[in-house]
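The values are calculated or read from the model by the stated rules, or taken from the named source; none is laboratory data. Since the model is a prediction, treat every value here as computed from it, not as a measurement. For neighbour counting, all protein chains shown are included, and Cβ atoms are generated from backbone atoms with ideal geometry for every residue, glycine included. Heavy atoms of the whole protein, side chains included, go into the accessibility calculation; ligands, DNA and RNA do not. Shrake-Rupley method; radii C 1.70, N 1.55, O 1.52, S 1.80 Å.
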Amino acid sequence: QVQLVESGGGLAQAGGSLRLSCAASGRTFSTMGWFRQTAGKEREFVSSISRSGGTTYYADSVKGRFTLSRDNAKNTVYLQMNSLKPEDTAVYYCAAKTVVTAPFNYWGQGTQVIVSS
């Protein structure tokens with residue numbers, strides 16, 4: 001059974017930091033990443049990382065503040081979020097795919113991040 005299990009969400013103050021983790025089980029993936037969603041809005045891309053970890057992409061809104069890394073031995077990715085802003089408040093979803101050129105086809109259950117001003 002394939003699972004993506006997120007952890008690390010919670011409450012932080014503006015300017016603070018949080019680290020999200022996503023542990024995958026059941027298979028290995030090519031690209032993994034994070035999306036986020038707030039009420040009434042579409043899910044938006046945050047960041048992604050290649051299987052080797054050598055290629056990462058970031059949304060402009062988080063570039064320079066968030067860092068995505070992965071540990072293939074643990075089949076886990078980590079999203080380090082620094083200099084948090086209230087607008088980072090959202091449910092964060094881990095995503096993964098098996099084919100680099102295909103859409104993300106595996107999703108976690110989501111973890112809430114709340115940033116207070």
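Select from segment 22-45 the residues that are of a type outside the set (A, V, I, L, M, F, W, C) and assigned to a strand (DSSP E or B) and write down the one among them that is surrounded by the most Cβ atoms within 10 Å (Cβ to Cβ).
Among those that are of a type outside the set (A, V, I, L, M, F, W, C) and assigned to a strand (DSSP E or B), it is GLY33.
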Consider segment 1-14. How many of its residues are open to solvent by less than 60 Å² (accessible area, probe 1.4 Å) and assigned to a loop (DSSP other than H, G, I, E, B)? 4
Residue selected from segment 68-86 under the condition within 11 Å of the chain's Cα centre (by Cα) and aliphatic (A, V, I, L, M), by the criterion farthest from GLY16 (Cα to Cα): VAL77
Pairs only if they're at least six apart or on different chains, beta carbon under 7 angstrom, first in segment 56-81 and at positive phi, second in a strand (DSSP E or B); list them, first residue then second. ASN75/ALA23; ASN75/ALA24; ASN75/SER25
Filtered residue count, segment 87-108, keeping only those that are in a loop (DSSP other than H, G, I, E, B), hydrophobic (A, V, I, L, M, F, W, C) and open to solvent by 60 Å² or more (accessible area, probe 1.4 Å): 2
